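Please find one structure pasted underneath; my questions will follow.
Computed from the coordinates by the stated procedures, all read-outs in this text should not be read as laboratory data. Just so it is clear, the structure is predicted and the values come from calculations on it, not from any experiment. Note: ideal-geometry Cβ built from the backbone for every residue, glycine included; neighbour counts use all protein chains shown.
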Amino acid sequence: MSTDNGWPALRVSDWEPTRDTLHMWTQIVGKVRLTHSPLLNHWWQVTFYVSPRGLTTSSIPYGDRVFDMEFDFVDHVLAIRTSDGGSATVALTAKPVAEFYTETLSALQSLGIEAGISARPNEVDPAIPFAEDHQHASYDPQAAQLFWRQLVQAHRVINEFRSHFIGKVSPVHFFWGSFDMACTRFSGRPAPAHPGGAPNCADWVMVEGYSHELSSCGFWPGGGEEGAFYAYAYPEPEGFAAYSVGPDAAFYSQDFKQFLLPYEAVRTAPDPDRAVLEFLQSSYAAAADLAGWDRASLEDDPRRWLDQR
């Protein structure tokens, strides 16, 4: 069910089987993008983006063509489109990962696209090869659509927060490995090599992802009854965990080593946007102030040209 303020309610426990299946499906599609896209810093070339219908890869290069793949949570299909007019779909229905994997590769092949991906998931344990995964086979279309609507709201507000930063900052994008939305600001200074340790993921992957000092925030369907907004710093400066971060429902999790703001606290707040923005700004201040970022040169008002129009 959803509230009248546009922030839908969705208990993680109510859709966990669908969430875990969808996670594996997104890994398959994400690996297709990874296979055909040149490296961008911090793996930005592999992510998805919130679209008016779901989650999209955006354009993927393939020879002299481009194609895209979109999880459409309105019509519940994986839509594949090519720049020469080709199209194919894979139905999003309750089916094993192995079946979705076969159907997706077949749909790509029908469009003349080869997808020699690494055919097992990352950042999960156990990492069941896609072709052998008959364990994850759930799909609740209403839950998938509500999750996408959560992402729409989170994307909208995080983009507002992003607009105040003029230094190096990532897009607001969705990582299929960790199955979360993220936006990351950078100080401009290098960071110590990340120790790695993510399950079924080579340490050098994390070294690239965390090569520079950062403050990251986002949303994921975990960490709270209905998911949670999160914020962390790498490397974490001394005193970070004890920094005063708002609103009142926010707290530092020793388990996750990051600040969390339960989604349900946002959804039921008098002004959800304001609650999220307070969390994002105060957790960023914790990272930037304690680590001595040059905030004056990294931040600006996105409305700075309004009086010139």
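Roughly how far apart, in whole Å, are the Cα centres of region 1-53 and region 55-101?
Cα centroid of region 1-53 versus Cα centroid of region 55-101: 13 Å apart.
Distance between the C-alpha centers of region 210-234 and region 174-207? Whole Å please.
11 Å
Hey, what's the Kirkwood Rh for the chain if you take every pair of different alpha carbons, in angstrom?
20.3 Å
Compute, for the chain, the length of the dipole vector about the Cα centre, with Cβ point charges of +1 (Lys, Arg) and -1 (Asp, Glu) only. Units Debye, rounded to 20.
The calculation lands at about 620 debye.
Could you grab the relative contact order for the chain? Cα pairs under 8 Å, six or more apart, rounded to a whole percent.
Details: 575 pairs, mean separation 51.3, N = 309.
Normalised by residue count, the contact order of the chain is 17 percent.
To the nearest µm²/s, what D does Stokes-Einstein give for region 264-309 at 4 °C and 1.567 mPa s, using the Kirkwood radius over alpha carbon pairs as Rh? Before the final figure, lay out the partial values.
Values: Rh = 12.9 Å.
Estimated via Stokes-Einstein, D reaches 101 µm²/s.
Could you work out the Rg to Rh ratio of region 12-132, with Rh taken as the Kirkwood radius (inverse of the mean 1/r over all Cα pairs)?
Reported Rg/Rh, Kirkwood definition of Rh: 0.94.
If you wrap region 141-298's Cα atoms in a convex hull and average its projection over all directions, what's the area in nm²?
Averaged projected hull area, Cα only: 9.5 nm².
Could you give the C-alpha radius of gyration of region 202-293 expressed as a fraction of 2.2 N^0.38 Å, taking N as the number of residues it contains?
1.09
With +1 on the Cβ of every Lys and Arg and -1 on the Cβ of every Asp and Glu, and nothing else charged, how large is the dipole of region 74-157 about its Cα centre, in debye rounded to the nearest 20?
On the way: 5 positive and 10 negative charges, 71 e Å.
With only Lys, Arg, Asp and Glu charged at Cβ, the dipole is about 340 debye.
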